[in-house]
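Asker: Structure incoming, see below.
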Amino acid sequence: MILCPNCKHQELTGALFCSECGAQLHEYDDWTTQSFSKDTPDAVSNPVISSQPTKPKISMSTDTIPPDEVVGLLVIDANRMIHLRGRSEYTLGRVSDDQPIVPDVDLTEFEAYLQGVSRLHAALKIGEQRISIRDLGSSNGTRVNGQKIVPNVDYPLKHGDAIALGKMKIQIVISLP
Amino acid sequence: MGRNYYNTLKLPFDATAEEIRAAYFEAARKYHPDANPDAEAQSVFIEIQEAYEVLSNLSRRQAYDSSLPDQFKRKKPINLEVISSESSVRALDEDQLIYLLVDLICGKTVDDLILSPVHVCLIIDRSTSMRGRRLDMVVSNVRHLLQKLNSKDIVSIVAFSDRAEIVVQPTEANSIHSIESALTLLEASGGTEILQGLKAGLDLIRSNGSSETLKQLILITDGHTYGDEAACLALAEEARLEGVPINALGIGEEWNDSFLDRLAASSGGNAVYVRGPEDLYNFIEDKFQSINVIYARQVDLHYQLGEGVELTYAFRIQPDTTPLEIRSPLPLGNLDYGKKTSLILEFKVSPMAGRGPALNFITGKILMDIPSSPVSAARIDLDAQCPWNTLQAVSRPPQAILKAMSKLSLYSLQEKAKNDMASGDVRKATLHLEYLATHLLAQGNRELAKSVLLEADHIQRTNVYSKEGEKKIKYETRSLFLLTGPEQAQP
């Protein structure tokens, strides 16, 4: 049996697509073609959790990365990197007036409202061996590499994955601490 | 072409002794004077007898074979390619799925084309609901059809409501005026009994033309048929055995799509959804581009499955897309010059599957009829095996299979949603439609994704499918297969 990473439906071994949600079943690690262009020397090396044999090429902002950096969020439209360090969980969203709980990462300056980002949109969990994202029941949903994820279920991420909060596209950049 | 012992018994030139005996018994059962008092049957029976006496005797057969010209003995230019989703099968203690992509490729190109005569019989529904725009649309497209055919090709037209009549007797396609004037007299009234129309059409096409004629029935209807479904399907089976595919065109939203799908598929044809005149136009454009370029017809896959192997799904993806009923033989329809006929098979392999060096999925033969060849019957052996994998390593499925399956998974989602609705589970159906829309959007198919979402919204509000949406989604997800060109590259 294999478990669909998207909807947790059980499929027989050998199934290529989930019969429940149509997601391609990733039993085969190395087949996703990554087509990010590389425009600066690659500062990120040896991804922490990715078991990919080859180092994926990704586009980077020109910022140099602080040495203790583990995870960076590259906001693609703005070409800006948000550095995350020091915590194991971050909520992503936008700050608006009279909001009791504010997100750890405020995306307002990237036109978050127009892009359809909810106030508390998603949570990023950073563990030693694993980084995952969870949609917090946002209005416009969260996608990982184009695939909409089910709310309130952790979805594993690897270096180079593209996530979308509503329409806002963000690339995950992982480096060793 | 021509009479020879092989054609008399409908056997390929390399027929085995077993096949010769089986063919003889089958033919004899049909034409034996005890079973068939017809005078014509008697002379056929004598021919069968004569053919069998020669072919069943090894030395007489050899003598007969050496008297035949060389072109009889040439190998048929058809290749069979089978790709498996796994390069080797893992021995697991649970069920697993394995997919095969079977391509039957015609090595003859259109340049080698030998024109065979064509007879197309249109079976037009003239029940009350066809009155007005629909009937006009059909009639005005008949001219387009006639222009697509060669001037010597034969056309006949049957109209039916609760009974059938012949509107145009078999006529050469160049007499456009007489055909059109006959059509203007067509009036819509009465119910829809598809069986009546099919019967009349099949009788007409049977009695006209030689064995080389490429025959085809085109059923055009907009309604349900009542009570005669089983008889229609039996007739479609008969049509298949005679090499006459039925293509069904459903106009509007009322017709019974699962019935027409089965009807068309079991005769080797295809069912198409017609929303407006342009769909009809496109159908004629596609279909009659190719009617003269049929190389082989009545292509049937006869099979046995290996031990512990179950065939769980079969879907023809080329030349047109149709789910096939799981039974032997699988009707594969026609094979065109220079083209291929492809199908996807899904197998469930149980842990009890037979051991040995390789797993045997399916063995069998693809039989077909090649009207332009001196020995018209042809056989291609199919033997799909896959070695066992002892390392438990996971191989990456070939791109061709992934590509086909990604399309098929969308079609299956749509089927799932339909089944959910049939069992009254609106919530699940909505979910499946939403997943479908997500994938369509990801592939850049905005227009269809939007219709799917609208439909999801519709079923939530009303608890039933809109008839139009249901058909649109079904036939358009199916036609996704036809768009597999470079223009469909991932965004």
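Asker: Any residue in the range A:101-108 that is under 30 Å from residue A:20 (Cβ atoms) and open to solvent by less than 60 Å² (accessible area, probe 1.4 Å)?
Answerer: no
Asker: Of the conditions (1) open to solvent by less than 10 Å² (accessible area, probe 1.4 Å); (2) in a strand (DSSP E or B); (3) farther than 24 Å from residue B:210 by Cβ; (4) not hydroxyl-bearing (Ser, Thr, Tyr), residue B:331 clears all except one; give me its number.
Answerer: All conditions are met except number (3).
Here is a yes/no grid of residues against (1) among the small types (Gly, Ala, Ser); (2) in contact (Cβ under 8 Å) with a residue 60 or more places away in the chain; (3) part of a helix (DSSP H, G or I); (4) surrounded by 14 or more Cβ atoms within 10 Å (Cβ to Cβ):
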| site | (1), (2), (3), (4) |
| --- | --- |
| B:10 | no, yes, no, yes |
| B:25 | no, no, yes, no |
| B:35 | yes, no, no, no |
| B:40 | no, no, yes, no |
| B:50 | no, no, yes, no |
| B:60 | no, no, yes, no |
| B:66 | yes, no, yes, no |
| B:74 | no, no, no, no |
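Asker: So residue B:140 passes all but one of these: (1) at pLDDT below 90; (2) under 24 Å from the mean Cα position of the chain (by Cα); (3) open to solvent by 40 Å² or more (accessible area, probe 1.4 Å). Which condition number does it fail?
Answerer: All conditions pass for residue B:140, except number (2).
Asker: Of everything in the range A:125-177 that's more than 14 Å from every other protein chain (Cβ to nearest Cβ) and within 14 Å of residue A:7 (Cα to Cα), which residue is modelled with the highest pLDDT?
Answerer: This residue is A:134.
Asker: Which one of these is among the charged types (D, E, K, R), in contact with an Asp or Glu (Cβ under 7 Å, 6 or more places away or on another chain) and under 23 Å from residue B:246 (Cα atoms): B:348, B:365, B:340?
Answerer: B:340
Asker: Continuing with this model, one more query. Do we find a residue being loosely packed, with under 15 Cβ neighbours inside 10 Å and modelled with pLDDT under 80 anywhere in the range B:94-104?
Answerer: Within the range B:94-104, not a single residue is loosely packed, with under 15 Cβ neighbours inside 10 Å and modelled with pLDDT under 80.
Asker: Filter the range B:194-237 down to the residues that are under 17 Å from residue B:271 (Cβ atoms) and among the β-branched types (Val, Ile, Thr) and list them by number.
Answerer: Result: B:194, B:218, B:220, B:221, B:225.
Asker: Do the conditions hold for residue B:366, that is, is it closer than 25 Å to residue B:12 by Cα and either free of Cβ contacts under 8 Å to residues at least 12 places away in the same chain or not acidic (Asp, Glu) (or both)?
Answerer: Here the answer is yes, as residue B:366 does meet what is asked.
Asker: Which count do you get for residues in the range A:8-17 that are under 15 Å from residue B:428 (Cα atoms) and either facing another protein chain (nearest Cβ under 8 Å) or open to solvent by less than 20 Å² (accessible area, probe 1.4 Å) (or both)?
Answerer: 0
Asker: For the range B:109-127, indicate whether the set of residues that are within 14 Å of another protein chain (Cβ to nearest Cβ), surrounded by 15 or more Cβ atoms within 10 Å (Cβ to Cβ) and not hydrophobic (A, V, I, L, M, F, W, C) is non-empty.
Answerer: Among the residues of the range B:109-127, not one is within 14 Å of another protein chain (Cβ to nearest Cβ), surrounded by 15 or more Cβ atoms within 10 Å (Cβ to Cβ) and not hydrophobic (A, V, I, L, M, F, W, C), which makes the answer no.
The values are calculated or read from the model by the stated rules, or taken from the named source; none is laboratory data. This one's a predicted model, so the numbers in the text were calculated from it and none came from an experiment. Note that we place each Cβ from the backbone using ideal geometry, even for glycine, and neighbour counts take in every protein chain shown. Note: areas computed on protein heavy atoms with side chains; ligands, DNA, RNA excluded. Shrake-Rupley method; radii C 1.70, N 1.55, O 1.52, S 1.80 Å.
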